[in-house]
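The values are calculated or read from the model by the stated rules, or taken from the named source; none is laboratory data. Here the structure is a predicted model, which is why all the values come from computation and not from measurement. As a convention, Cβ positions derive from the backbone with ideal geometry for all residues, glycine included, and neighbour counts pool all protein chains shown.
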Amino acid sequence: MSTPAPYTAVVLAGGKAARLGGRAKPQLDVGGRTMLTAVLDAVSDAQARVVVGPRQPVPDDVVLVREHPPGGGPVAALRAGLDEVSTDVVVLLAGDLPFLTDELIGQLRGLLTGDGALVVDEGGREQWLLGVWRTEALRTAVGGATGPTSLRKVLAPLAPARLRPTVAPGRPPPWLDCDTPADLSRARAAAGTPEPAPPPRPAPPPPAEPSVWPLFRSPGEG
């Protein structure tokens, strides 16, 4: 069996999760580590790891870059990430996949024969941010994109292989991401992570002292 080609991991970790209170999703904790840490751990054998998004904690050996314009969406983020790639193969991932494994990444790399290989979930939906790609195929795809557009629309002309991973009963699927509070709660429950206690409510301000006006005035007052 031939050894898979070296690769660069590009992780899209931008955008604010409005449904999660505007917090940065990749930095939320699931199973005792942030979701971004889980993703980066799954690609620890990459020749280089690139995170695209706002300033946030990353390991010292990870390159952190920002898309242009900031908040410009996944196509702009992919374009910024590709600027940091020198390998012929790219693993393209979302930053909020708490159950991603290095085993799945290895399976995807083993399927790479054409433009790429991506995961298809149990409902038949293609997971465009869970796949491995030829670098030049991605550069060609994003190079022709103009204006705001979806990543799915940009990558749809490519011809990747499809992988439907086997998920053991009772185990969370590797494509599970966290877009809503309910998603996050399910992920934490699957990982055995208790929900963090809500922050204490601030104490109410003390009641204002009532103003007391004299009922009688002395002769000569106002």
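There is at least one residue in region 59-76 that is surrounded by 14 or more Cβ atoms within 10 Å (Cβ to Cβ), closer than 26 Å to Pro172 by Cα and under 11 Å from the mean Cα position of the chain (by Cα). For region 94-119, residues that are over 18 Å from the mean Cα position of the chain (by Cα), crowded, with 18+ Cβ neighbours inside 10 Å and over 18 Å from Asp45 (Cβ atoms) total 2.
In summary, strands (runs of 3 or more DSSP E) completely within region 1-96 and bearing 3 or more residues that are within 20 Å of Gln107 (Cα to Cα) and touching a Leu at 6+ places or on another chain (Cβ under 8 Å) occur at 7-12, 89-94. Every listed requirement among (1) modelled with pLDDT under 90; (2) under 23 Å from the mean Cα position of the chain (by Cα); (3) among the small types (Gly, Ala, Ser); (4) closer than 27 Å to Gly72 by Cβ is met by Ala182 save one, (4). The set of residues from region 42-57 being touching a Ser or Thr at 6+ places or on another chain (Cβ under 7 Å), within 18 Å of Arg79 (Cα to Cα) and buried (at least 19 other Cβ atoms within 10 Å of the Cβ) comprises just one member, Val50. Of all residues in region 120-167, those satisfying the criterion of being small (Gly, Ala, Ser) and surrounded by 15 or more Cβ atoms within 10 Å (Cβ to Cβ) are Gly131, Ala137, Ala141, Ala145, Ala161. Applying a threshold of 7 Å to beta carbon distances and a minimum spacing of six or more residues, or different chains, the list of pairs starting in region 146-163 at a residue that is under 24 Å from Gly110 (Cβ atoms) and ending at one that is modelled with pLDDT of 95 or more and assigned to a loop (DSSP other than H, G, I, E, B) reads Leu158/Asp115; Ala159/Asp115; Pro160/Asp115. Is it the case that some residue within region 31-38 is closer than 20 Å to Thr135 by Cβ and among the β-branched types (Val, Ile, Thr)? For region 31-38, residues closer than 20 Å to Thr135 by Cβ and among the β-branched types (Val, Ile, Thr): absent. Residues in region 187-197 that are farther than 27 Å from Pro74 by Cα and either assigned to a strand (DSSP E or B) or of a type outside the set (A, V, I, L, M) (or both): Gly192, Thr193, Pro194, Glu195, Pro196. Residues in region 163-173 include none that are among the charged types (D, E, K, R) and under 22 Å from Thr8 (Cα atoms).
Scanning region 98-136 for residues that are over 22 Å from Ala5 (Cβ atoms) and without any contact (Cβ under 8 Å) to a residue 24 or more places away in the chain yields Gly123, Gly124, Arg125. Within region 168-186, the set of residues being surrounded by fewer than 18 Cβ atoms within 10 Å (Cβ to Cβ) and in a helix (DSSP H, G or I) comprises Pro181, Ala182, Asp183, Ser185, Arg186.
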